[in-house]
Amino acid sequence: MQDVIIFEAGQSEAHYWRDLWRYRELFRVLAWRDLSVRYKQTVIGVTWALIRPFLTMLVFTIIFGRIAKLPSDGSAPYALMVSAGILPWTFFSTGLSEASNSLINNEKLITKVYFPRLIVPVATIVVAFVDFLISFCILLGLMGWYQFLPDWRIILLPVFVLLAFLASIGPSLWITSLNVKYRDFRYIIPFITQFGLYVSPVGFSSSVVPDQWRLLYSLNPMVGVIDGFRWCTLRGQGELYLPGMLASFAIISFFLWFGIRQFRNTEKSFADLL
């Protein structure tokens, strides 16, 4: 027997979250399509997911570690500390950049077929997560090179990976909904990600921030994610600033709620605007 979809006035809101589960196969197809297209007709394929974070780590290590001589976290090698910061940031920035254009890139699908539109941007973030898993090999390789193996804290790493995932979803949904109506955001997003790279503790430790500014600095949601990621992978060498962690978690929760709310409020107009 085939499933029959019945459209009833006023029932779309009640059935929306159930429809997300019913259309899970579409979610898988979109994620697989985006992943295969990304590396299609490339010479070195998925190696691109390793080259970008590796070169960024190399540049930051030379500039901040060798030239500026900024301190590392405890006894951890500077290159290892930088790599542990680049991975969650790259995941966040890639997910934000690609999700912001996801609805526009799927214009024909959205204007012709009904399905919960939330699937589209979330699928692109899942693709960024696959890149993150591939790039994680760099961190493992550096740990072996420096003989700096993690301890029991590594079991808590999935918690901060989940926080990075949620930190990507909230702003992505909000900006995606805005980008459908105001196409200027396609030019704003690259600036935001480039600016955020330098104001987030990617190439340096957040411990260099003066204590009186530490809590304010932690309003950047990626500060708590990066600090937690380093704490898990660097055997606790990077300290966890608990007030800052709570601030980052609060900001992530707010943007997740706000992003979903704004996306759902404008979702009905996507087909007309596209």
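Taking only segment 220-246 into account, find how many residues are open to solvent by 10 Å² or more (accessible area, probe 1.4 Å), closer than 16 Å to residue 209 by Cα and part of a helix (DSSP H, G or I). Walk me through it before giving the result.
Restricting attention to segment 220-246, the residues satisfying the condition of being open to solvent by 10 Å² or more (accessible area, probe 1.4 Å) are 220-221, 227, 231, 235-237, 239-243, 245-246.
Retained after the next criterion (residues that are closer than 16 Å to residue 209 by Cα): 220-221, 227, 239-243, 245.
If we keep only those that are part of a helix (DSSP H, G or I) as well, we get 221, 227, 242-243, 245.
Residues meeting the conditions: 5.
Of all residues in segment 107-125, those satisfying the criterion of being in contact (Cβ under 8 Å) with a residue 60 or more places away in the chain and more than 22 Å from residue 256 (Cβ to Cβ) are 107, 110, 111, 114. Being open to solvent by 80 Å² or more (accessible area, probe 1.4 Å), of a type in the set (A, V, I, L, M, F, W, C) and assigned to a helix (DSSP H, G or I) is true of residue 216. Every condition in (1) surrounded by fewer than 22 Cβ atoms within 10 Å (Cβ to Cβ); (2) farther than 14 Å from residue 89 by Cβ; (3) of a type outside the set (Gly, Ala, Ser) holds for residue 193 except the one numbered (2). The residue of segment 118-159 that is surrounded by the fewest Cβ atoms within 10 Å (Cβ to Cβ), among those that are assigned to a helix (DSSP H, G or I) and among the polar types (S, T, N, Q), is 135. Of the helices (runs of 4 or more DSSP H) entirely within segment 9-95, those holding at least 1 residues that are crowded, with 20+ Cβ neighbours inside 10 Å, among the aliphatic types (A, V, I, L, M) and modelled with pLDDT of 80 or more occupy 24-38, 48-60. Can you say whether residue 103 is of a type in the set (A, V, I, L, M), under 18 Å from residue 205 (Cβ atoms), part of a helix (DSSP H, G or I) and open to solvent by less than 10 Å² (accessible area, probe 1.4 Å), as far as the supplied structure shows? No; evaluated as a whole, the condition is false for this residue.
Return yes or no: is residue 252 under 30 Å from residue 104 (Cα atoms), crowded, with 21+ Cβ neighbours inside 10 Å and aliphatic (A, V, I, L, M)? For residue 252, the condition - under 30 Å from residue 104 (Cα atoms), crowded, with 21+ Cβ neighbours inside 10 Å and aliphatic (A, V, I, L, M) - is met.
The values are calculated or read from the model by the stated rules, or taken from the named source; none is laboratory data. Only a predicted model underlies this, so the values are computations on that prediction, with no experimental measurement involved. Quick reminder, even Gly has a Cβ in these numbers, built from the backbone with ideal geometry, and neighbours come from all protein chains shown. These area figures cover heavy atoms from the full protein model, side chains too; ligands, DNA and RNA do not enter into them. Shrake-Rupley method; radii C 1.70, N 1.55, O 1.52, S 1.80 Å.
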